[in-house]
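Asks: Right, I'll just put the structure down here and ask away after.
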2 protein chains.
Amino acid sequence: MKKEFKVVFKPDNKTVKVEQGTTVLDAATSSDIYIDSICGGRGKCGKCKVLIDGNVQSDQTDLLTAEEKEGGYFLACLARVVGNLKVTVPKESRVESHQILMKSVTPLPAIDPPVLKVPLSLTPPSLADYVSDLDRVTHALRNLDMGHVTIGLPTLKKISRVLRDNQWNVNVTLMDLWDRKEIIDIGPPSDNDLIGIAVDIGTTTIVVELVDLTTGKVIDARSDYNKQVVYGEDVLSRVMYTEEHDDGISKLTSTIRYGINDLIRELVIENNMRYERICRAVLSGNTVMMHLFYGLDPKYIRHEPYIPVMSFVPQMKAVKLDLSVNPNAYIYALPCRSSYVGGDVTADIIASGMSDNKDISLLIDVGTNGEVVLGNDTFLVSCSCSAGPAFEGGEVEFGVRAMKGAIERVWINDGLVEYSTIGNEKPKGICGSGLIELIAELFSNGVIDRTGKIQLDKNNVRTEVGNNGNQFIVAFKEDTAIDKNIVMTDVDIQNILRTKAAVYASCNVLLKTFGYKFGDLCNVFIAGSFGNYLDTKKAITIGLLPDLPLDTFKFIGNGALGGARMVLLSRDLQDKAAEIVENMTHIELSVSSMFFKEFTSALFIPHTELDQFPHIATRVYT
Amino acid sequence: MKKEFKVVFKPDNKTVKVEQGTTVLDAATSSDIYIDSICGGRGKCGKCKVLIDGNVQSDQTDLLTAEEKEGGYFLACLARVVGNLKVTVPKESRVESHQILMKSVTPLPAIDPPVLKVPLSLTPPSLADYVSDLDRVTHALRNLDMGHVTIGLPTLKKISRVLRDNQWNVNVTLMDLWDRKEIIDIGPPSDNDLIGIAVDIGTTTIVVELVDLTTGKVIDARSDYNKQVVYGEDVLSRVMYTEEHDDGISKLTSTIRYGINDLIRELVIENNMRYERICRAVLSGNTVMMHLFYGLDPKYIRHEPYIPVMSFVPQMKAVKLDLSVNPNAYIYALPCRSSYVGGDVTADIIASGMSDNKDISLLIDVGTNGEVVLGNDTFLVSCSCSAGPAFEGGEVEFGVRAMKGAIERVWINDGLVEYSTIGNEKPKGICGSGLIELIAELFSNGVIDRTGKIQLDKNNVRTEVGNNGNQFIVAFKEDTAIDKNIVMTDVDIQNILRTKAAVYASCNVLLKTFGYKFGDLCNVFIAGSFGNYLDTKKAITIGLLPDLPLDTFKFIGNGALGGARMVLLSRDLQDKAAEIVENMTHIELSVSSMFFKEFTSALFIPHTELDQFPHIATRVYT
């Protein structure tokens, strides 16, 4: 047996015993301390810096400065325990536990969920009326035109007791499975509410909404980071993790399920409710998240020709998925179109209503993976592009997610820099909307040129030469929460421009391929992580969004969640989701030569072809 | 913690450690030694006599003679362990492990089971053809007109690997669920057989048949006692056991499931097969056995108005029932009509074919509970009566089940008694068919009168006065395996006459209630435990069966098993089973005054009204 050592985490004061050779990152995870690890513990991102007091073995890394190394800093993913340790985890290396909950802006559909409660007043049995308890219930339901009714074993086991305990007056919960109805619960007459949850399983964030299925009202909601980030920031590094670790799939699956259950627990406690009352759940997430939630091997998604195990999972009972709701509740996941156009996009489409609209619309969901959908009530086409993690804080030195202390808005006037942060806290970094605003302002104020290069200006104390080209100081050390200047470098800007170029080029290719131009669009729906905070003019300024009348743009916020909630409330929309996926054409950009041409043209600010951006060319917006 | 003691069972030489206070019966069961216990360990039947060397605490009992008590005999159910013990379990106190396997005589239906294997040769995916693995399979099945196809999580988890391991050539096992088909397995092209099991869960015996679902051929079969007998001989004492013990239901449920799995294991090993290849199971059993198999509380069956939890269980997957077959195989149980007309009777009806016949038939299944069905292709009516355990060896001093050494046939000629035993072994007792033949012969030879009273005859050394009235010596001590005279007493005969009277009266009431008489019957189907061995003439002689032309009687043997096998092979018959149960009228004899009158009249040999038995009255058969 291997030796064991004690690791104490500071300032949490949590102690854990681990085997010799365990990484400090794994030791932290097993103590419920979540250290940021964009690369999935592969020693590539340098986000998991910790201060270690004690003996560790570590591979060489260039991601720590000589100063940091001398000071006792290590990358938690590379440092292996070989003795008792004290580990200090700095704020900036932590995954924040509760992030800002993004609202979804979706209409209330006609409420017709597939679960229903039926009160029954039954005649007690007698020698002359001796049908079985189950038949007594199903006959009563048949008299109410409920059609063919079935039941599962756990409910069957309690039916006799519940009927007698309640003097044959009960409330039956039925799940409509189209061709039949299943009794998923039976309880006292007082059990007359109808509760469900909508779950958005994002790569970065999980959100759970508790919904009243009678009124459509959101009772409460909770969100948290997807703790899978410990195994990799983006979906591909998580897939790699499962390929490289025998227990990888089961680890990632239980992480995501525990994460959802934690949020359900908070909701249930806070709202003074029992888990059993939640009798329906609808999930949305990208294709990889769906594979990992169901415990399916995502391996083939990563390798050409990029094949998922499934695009549509038949709905199945909660008990099979370890979800902390009524074990007989049927769980439905929004279907995926392809390996990179997932159930979250299907949800976006439903939330936007674009597939019920005669007008041509474009839908853009920007995350690490960007998805674009074009269409109306007669056709839908989709594509996806690898946008990169810039808008979620990755590949940008002071990039952070939309958490408290993130700079989300920036104004520059006459050299004066102003910004606002989420929660009005001292800044820790810049989130997606802040990055876009910053570049737009830098461009409008002539600090950067159309290629994004920072112009050194002796009169401007904020411009200087740094390790990654020139850099612009957004916030001075003394004003920040991290005791450092927050800067934006030439390299950062190039990464952001690549992201915006990928998104714009995807839209352009999709339109051109099907014979449309931007001017044909009546709506551009913006979904996703910065949807609520994006300044449209500034997004047009940098060439992320096309130069269209401002009222063309509609922000639907977290469409993945909103769409899931709408499907939770409506059987028609559940059918619609399947229809959307079945009828949507998908084009693969990774083999499109047009995409590379468009991408290259879009790397400029706002674009190589200025006539695509008349308002910017004529400085209307700047 | 309680003290533990060692108990050694002889002659098995099995040792078990048990807590102080455990009954010797429970200690034996936990060592897989099955001691007979008709009353379910309640100290009422006296069948569990054991010889104990060591200290036990025991309640008083009158079921042991003074001689037995002095010799160290105890009832295993009353004796509680208070020290280390040596326990000798005599042969006559044991549940025999393997009993005679009764054949079922049933026609082969048109073979059309709800499971099917479909070989698929798929085009491998490419960048131009990138549907998910599941869609690739379901699209191919759709092209074969398989309709709507679903899949469960365990099969979905392996689909990608199996497809690639077999170069996209696979065999898919589909379960037809009427409105949809489910992929329950996917394997290499060589997995092309289609195997199912038919299971008869009798109160006394469990039988499992391994069936080729392509040809309908029975590959092999195994049977064993239902080890639940340890908890009570008949269904009611088992129900009482569940009422009196908190873990009673779970104990009885696991006993029955283990029993079935033991037989499946034997079949699988013997036939060189994997469990996973068994992709369908059909079960039959009486209503209480079905409740106990599914883990449902049978309590209300025993109390007026005698309500079962269910009469029809939706088919469900093997994994939910701990059955050792393919975990995704759907298990179907034949539906029950009422608390005392179970799925075994539904199977009997199917096996007899009476519900497809224009002619009026009567079906009689005699066990501890007797069931009678009257009808044809336009109507069916059923009733049940508490026949008592006489024909299965209960309530008769030397009564035994149809096991090796049981006297099954008896002839008396000029005072000379001849008999044959099962397996041609020295007699241990008399089984059902032997009891009927014996009484018929005693009556025909004038040893008993029409009331069943044994006439003492000084010239007949076999008649004598005993503790239970007069008695007749069937086998002398020196000829038996148990070192005792095997006798039939006045009390035994009264018990047997009550049983035959209950059966005959049930038939009569059913006929009269619906305006028929015995002469209207074209067929009398005899199912159940002595079906194969019954001498029709002698059964008519004692008034068990009506006096009809001998070719009216058809023995279908184990109809519960035969019917289950037929349903296993045919979707139509599965539908038919539901139809039978839904359309069958049931009459409750326990509240019928006509029944009591008929029962009393039938207590004579052959009957009070001799004109009902013209052949007996005129001594044609005697």
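Values in this text are rule-based calculations from the coordinates and carry no lab data. Keep in mind that what you see is a predicted model, and the values were worked out from it rather than measured. A quick note on method: Cβ atoms are made from the backbone with ideal geometry, for glycine too, and the neighbour counts reach across all protein chains shown.
Asks: Note the distances from B:Asp356 to each other copy's matching label point, with points 7 Å along the Cα-to-beta-carbon direction, in nm, sorted shortest first.
Replies: Sorted ascending, the copy-to-copy spacings read 5.2 nm.
Asks: Separate question: With no solvent and one point on each alpha carbon, what is the Debye value of log10 I(q)/I(0) for region A:391-486 at q = 0.15, 0.18, 0.22 Å⁻¹?
Replies: -0.54, -0.80, -1.22
Asks: Given H placed on each backbone N at 1.01 Å, which residues far from B:Leu85 in sequence or on other chains put an amide H within less than 5 Å of it?
Replies: B:Lys6, B:Val7, B:Val8
Asks: Between A:Glu425 and A:Lys217, what length comes free when the chain is fully extended (0.36 nm per residue of separation minus the Cα-Cα distance, one decimal in nm)?
Replies: Result: 71.7 nm gained on full extension.
Asks: Which order results if B:Ser420, A:Ser132 are arranged by neighbouring Cβ count within 10 Å, fewest first?
Replies: The most exposed by this proxy come first: B:Ser420, A:Ser132.
Asks: Would you kindly work out, in nm and rounded to one decimal, the distances from the label point of B:Thr608 to those of the same position in each other copy, ordered shortest first, with label points 7 Å along Cα-to-Cβ?
Replies: Between copies, matching label points for B:Thr608 lie 11.1 nm apart.
Asks: Taking 20 °C and 1.002 mPa s as the conditions, I'd like the Stokes-Einstein D for the protein assembly as shown in µm²/s, using the Kirkwood hydrodynamic radius from alpha carbon pairs.
Replies: 60
Asks: Also: Which three lengths, in whole Å and largest first, does region B:4-93 cover when its Cα atoms are put on their principal axes?
Replies: 29, 22, 21
Asks: Right, something else. Measure up A:Lys157/A:Lys251; A:Lys91/A:Lys217; A:Lys17/A:Lys317; A:Lys358/A:Lys554; A:Lys91/A:Lys320 against 26 Å on the Cα-Cα distance and list the ones that go over. All intermediate terms of the calculation are to be shown ahead of the outcome.
Replies: Details: A:Lys157/A:Lys251 33 Å; A:Lys91/A:Lys217 37 Å; A:Lys17/A:Lys317 37 Å; A:Lys358/A:Lys554 16 Å; A:Lys91/A:Lys320 38 Å.
From the list (A:Lys157/A:Lys251; A:Lys91/A:Lys217; A:Lys17/A:Lys317; A:Lys358/A:Lys554; A:Lys91/A:Lys320), the Cα-Cα distance tops 26 Å for A:Lys157/A:Lys251; A:Lys91/A:Lys217; A:Lys17/A:Lys317; A:Lys91/A:Lys320.
Asks: Now for a different question. Once you have the Cα-Cα distance between A:Phe514 and A:Phe379, take 0.36 nm times their residue separation minus that, and quote the gain in nm to one decimal.
Replies: 47.5 nm
Asks: Under 15 Å from the Cα of A:Lys512, which aspartates and glutamates turn up, not counting those fewer than eight places away in the same chain?
Replies: A:Asp520, A:Glu588, A:Glu598
Asks: Follow-up question, since we're still on this one. Distances longer than 50 Å among the Cα atoms of chain A: what percent of all pairs is that?
Replies: On the way: 31411 of 193131 pairs.
Here the long-distance tail beyond 50 Å is 16 percent of all Cα pairs in chain A.
Asks: If you don't mind, another one. Label points 7 Å out from Cα along the Cβ direction at B:Ile269 and A:Asp32: separation in nm?
Replies: So the label points at B:Ile269 and A:Asp32 sit 4.8 nm apart.
Asks: Here is a further query. P(r) tail for region A:224-263, what percent of Cα pairs lie past 15 Å? Working shown, then result.
Replies: Details: 270 of 780 pairs.
Counting every Cα pair in region A:224-263, those more than 15 Å apart make up 35 percent.
Asks: On to the next question. In what order do A:Phe518, A:Phe293 fall by count of nearby beta-carbon atoms within 10 Å, going from fewest to most?
Replies: The most exposed by this proxy come first: A:Phe518, A:Phe293.
Asks: Further question: Using a Förster distance of 51 Å, how high is the FRET efficiency between B:Asn192 and A:Asp572, based on the Cβ-Cβ distance and rounded to 0.05? Intermediate values should be presented prior to the final figure.
Replies: Values: r = 42 Å, r/R0 = 0.83.
Taking R0 as 51 Å, the efficiency between B:Asn192 and A:Asp572 is 0.75.
Asks: Let me ask something else. Report, by chain and number, residues whose modeled amide H sits under 5 Å from the one on A:Ile184, excluding near sequence neighbours (fewer than 5 apart, same chain).
Replies: Correct list: A:Thr173, A:Leu174, A:Met175.
Asks: What is the packing order of peptides B:71-80, B:574-583, taking the mean over residues of other C-beta atoms within 10 Å and listing the highest first?
Replies: B:71-80, B:574-583
Asks: Here's a follow-up. Before anything else, pin down the relative contact order of chain A: Cα pairs under 8 Å, at least 6 apart, normalised by residue count, whole percent.
Replies: Reported as a whole number, the value is 12 percent.
Asks: Residues of B:153-160, mean number of Cβ from any other protein chain within 10 Å of their own Cβ, rounded to a whole number?
Replies: 5
Asks: Suppose we consider the axis relating copy B to copy A; can you name the residue of B with the nearest Cβ and state that distance in angstrom as an integer?
Replies: Value returned for chain B: B:Asp179, 2.
Asks: Another question about this same structure. Across peptide B:295-304, what mean number of C-beta atoms from other chains lies inside 10 Å of a residue's C-beta?
Replies: Across the residues of B:295-304, the mean count of other-chain Cβ atoms within 10 Å is 3.
Asks: Taking each label point as 7 Å beyond Cα in the direction of the beta carbon, state the distances from A:Cys522 to the same residue in the other copies, shortest first, in nm.
Replies: Result, one decimal in nm: 7.2.
Asks: Which FRET efficiency value, to the nearest 0.05, do you get for B:Val465 and B:Asn445 by plugging their Cβ-Cβ distance into 1/(1 + (r/R0)^6) with R0 = 22 Å? Walk me through the numbers before you get to the answer.
Replies: Details: r = 19 Å, r/R0 = 0.88.
Working from the Cβ atoms, E equals 0.70.
Asks: While we're on this one: Once you've got the Cα coordinates, tell me which of A:Lys158/B:Lys227; B:Lys10/B:Lys477; A:Lys484/A:Lys537; A:Lys227/A:Lys426; A:Lys404/A:Lys477 are over 23 Å apart.
Replies: Pairs exceeding 23 Å: A:Lys158/B:Lys227; B:Lys10/B:Lys477; A:Lys484/A:Lys537; A:Lys227/A:Lys426.
Asks: Continuing with this model, one more query. Cβ neighbours within 10 Å, averaged per peptide: list B:228-239, A:241-252 in order, most packed at the top.
Replies: B:228-239, A:241-252
Asks: Another question, if that's okay. Can you pull the one-decimal nm distance between simple spin-label points at A:Ser254 and B:Asp165, each 7 Å off the Cα toward Cβ?
Replies: 2.4
Asks: Which far-off residues, 5 or more places away or on another chain, put their amide H under 5 Å from the one on A:Arg94, with H placed in the peptide plane?
Replies: A:Asp36
Asks: How would A:Trp168, A:Trp411 line up from fewest to most surrounding beta-carbon atoms within 10 angstrom?
Replies: A:Trp411, A:Trp168
Asks: Follow-up. Going by average Cβ neighbours within 10 Å, how do the peptides A:16-26, B:562-572 rank, with the highest at the top?
Replies: B:562-572, A:16-26
Asks: Just tell me, in residue order, which DSSP H segments of chain B are both 30 angstrom or longer along the helix axis (alpha-carbon based) and at least 0.0 in mean Kyte-Doolittle hydropathy.
Replies: Sorted by number, the helices that extend far enough and score high enough are B:248-270, B:490-513.
Asks: Based on alpha-carbon centroids, what's the gap between region A:240-313 and region A:120-177 in Å, whole number please?
Replies: 35
Asks: Let me ask something else. Which whole number gives the average count of other chain Cβ atoms within 10 Å of the Cβ atoms across peptide A:308-317?
Replies: 6
Asks: Taking the Cα atoms of region A:115-187, report the difference between the largest and smallest coordinate on each principal axis, in whole Å and largest first.
Replies: Principal axes ranked by extent give 36, 21, 20 Å for the Cα atoms.
Asks: Can you work out ³J(HN,Hα) from phi for every residue in region B:24-36, in order, using Karplus 6.51 cos²θ - 1.76 cosθ + 1.60 and θ = phi - 60°, giving whole Hz and x for Gly and Pro?
Replies: 5, 4, 5, 4, 5, 4, 5, 9, 6, 10, 9, 9, 4
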